[in-house]
Every structure is written in C-alpha cells, then in structure tokens.
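For reference, the structure is listed below as structure tokens.
The values are calculated or read from the model by the stated rules, or taken from the named source; none is laboratory data. Everything numeric here is computed off the predicted structure, so don't read it as measured data. FYI the Cβ positions are ideal-geometry reconstructions off the backbone, even for glycines, and counts take in every protein chain you see. These area figures cover heavy atoms from the full protein model, side chains too; ligands, DNA and RNA do not enter into them. Shrake-Rupley method; radii C 1.70, N 1.55, O 1.52, S 1.80 Å.
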Amino acid sequence: MEILYVTASPYEDYKGQILNLRIRLDENDVLVKGEIISIELMDNSIIKREIKIINPKSAGDYGVISETAKQWQPSEKTLSKITGPDVCEVVVTNVNYHDVKTAEEIRSRQFQKELGGKVCISPYKELCFGEESIYNYIEKGYTVPDKVIAYLRTTKPFLMIPGVYKHPFKKEVDLLGPYLYTDGYYYWDRDTWKYVLKYGLKLPQEFIDHVMSDSGTAFIESYIDENDSWTNTIKQWKKQQGFICLLPDNIEKNDLETF
C-alpha cells in the first residue's frame, strides 16, 4: 500500500479534521471501512487512523463525520471494502496535511530548501511573491546598464505558479503566473526587466554588481535561449501523453511598448 498524495476535504467543519488519502493498493491488499491503518509521516514516525469513508463521490458522503456535509444527500456509492490491485481514496481525520509522507511532499520540502538558498530580487506582493510593495521601489528616471537588462531577459525556468494576477500598473490587465527565472542563485519575475525599463523599478545594488562581474558575463554567455526557456518547457509539456497543458505556447512576449 502506498499513499500517492493527500488532499484536504472542502467539507471539513474545522481545519485539519478531514483528510483524503489517495492510495495505491498492491495485489491482495485489502482496506475495510472502520479499519485502523498506519500512516507514515515525514519524520518517519507512524500514526494510526480509522478509515471513515472509502471513495467518497459527493459532498453528502462526508456527512458521517461532518456536520456541515449532513445538509447534502449522500451518493450511496461509497465502499465498505476494497481489494487491490487498485487505486482508491480513503478519508481519515486528525492528520496534518503536510505531515503525511508522499513523493509530492518530499519534492515540496526539497524545493523549499532550494528556495531558501536563493535570493529573490522581485519579492513584491503585487507579483504574488513576497511581502514588500513594488510601488516603494519605483524611481523616475532610474536606469541600469544594458547588460543588466540582457541578464534579466534570460529565461532559464525556475518556478511556474498557474494562475492570473493583476498588472501592478494596469489594473485592467491580467498577467499569467507568476513565472520566475533564475541564474542559479538569484531569481526574479519574468517581467522584471519591463518594470525596470518602463516603470523605473530599482534593483538591488548587489545584484547589479554581480551581473557586471565576470560571473555575470559567464552566465549570459553560457545561456542558450532556444533550449532553456518557459516557451520550450510548455511545448514539451504539450507533447507529453496524458498531460493536459492549457497554457499559451508563448508566455515570453517582448511587447514592452504595450506592457
């Protein structure tokens, strides 16, 4: 038996009480409603929890454990027993979402560790990636060397967060993302160079010094746009069988004039 991933139920009465476990059962594995199962946590400890529901189909199915869900009609299609090989969803209570050991949570923690070792030069709440305000770093007439703009325009993928947010200077315009680029140490929003040129966004001086150094030159010279960009990444995603990607083919338009 393997826990593939976990999701929090939208019908929980209070946070942390209802958790869905997506489980892969090997041949001859059996799960029974009311059975106590072992759940491995990220710290390698084991907790025991009762299976409350197997394969919920609708909101009303959660009525056996949720006062909120009792207002809806149950589907009457939940299972009392399931035998592998199969994939099923079981519902338990009193389990912290991020404590359960899954491949997804392992990757998430590895990424958070990696993120903690990098420096964001666009940590603005308006760009959905920080607490500072971009408006506090705008200076009319601000300029940087052309090399810095070229550096910011490299498109080595770092992080893509599907979604839409408002253009900080054009509230009627929606932007996709945020999408972030990196040089391996610094990372930034893909439109940072546009904010600098068009709106006078000030950059950290230590970043500019790095770009102007031999290390900055080496990164630019080693970068190959055709092979390492979000555009290319999206194209590869769309070629993967069974992978649905609804993103536009080109999210790296260089339309500075209308930005």
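Within region 111-140, residues that are among the acidic types (Asp, Glu) sit with their Cβ atoms under 8 Å from residues that are part of a loop (DSSP other than H, G, I, E, B), at 6+ positions apart or across chains, in these pairs: Glu126/Ser133; Glu126/Pro168; Glu131/Pro123; Glu132/Pro123; Glu139/Gly200; Glu139/Lys202. Only residues that are surrounded by 15 or more Cβ atoms within 10 Å (Cβ to Cβ), modelled with pLDDT of 90 or more, within 24 Å of Val211 (Cβ to Cβ) and not aliphatic (A, V, I, L, M) were counted across region 133-165, and they come to 2.
Filtering region 97-128 down to residues that are in a loop (DSSP other than H, G, I, E, B) and over 18 Å from Glu40 (Cβ atoms), which residue is modelled with the lowest pLDDT? It comes out as Gly117.
Condition check ((1) closer than 29 Å to Glu27 by Cβ; (2) out of contact with any Asp or Glu (no Cβ under 8 Å at 6 or more places or on another chain); (3) open to solvent by less than 50 Å² (accessible area, probe 1.4 Å)) across all residues:
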position	(1), (2), (3)
Gly60	no, yes, yes
His98	no, no, no
Lys113	no, yes, no
Lys118	no, yes, yes
Ile121	no, yes, yes
Glu126	no, yes, yes
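For Asn94, the criteria (1) in a strand (DSSP E or B); (2) on the phi > 0 side of the Ramachandran plot hold in every case but one, which is (1). Residue count for region 18-44 satisfying the condition of being closer than 25 Å to Ile106 by Cα and either part of a loop (DSSP other than H, G, I, E, B) or touching a residue at least 60 places away in the same chain (Cβ under 8 Å) (or both): 16. Among the residues here, Asp26 does not qualify as more than 23 Å from Lys81 (Cα to Cα), open to solvent by 70 Å² or more (accessible area, probe 1.4 Å) and out of contact with any Asp or Glu (no Cβ under 6 Å at 6 or more places or on another chain). Can you name the residue in region 12-23 that is touching a strand residue (DSSP E or B) at 6+ places or on another chain (Cβ under 9 Å) and surrounded by fewer than 17 Cβ atoms within 10 Å (Cβ to Cβ) and is also farthest from Lys70 (Cα to Cα) among such residues? Here the answer is Arg22.
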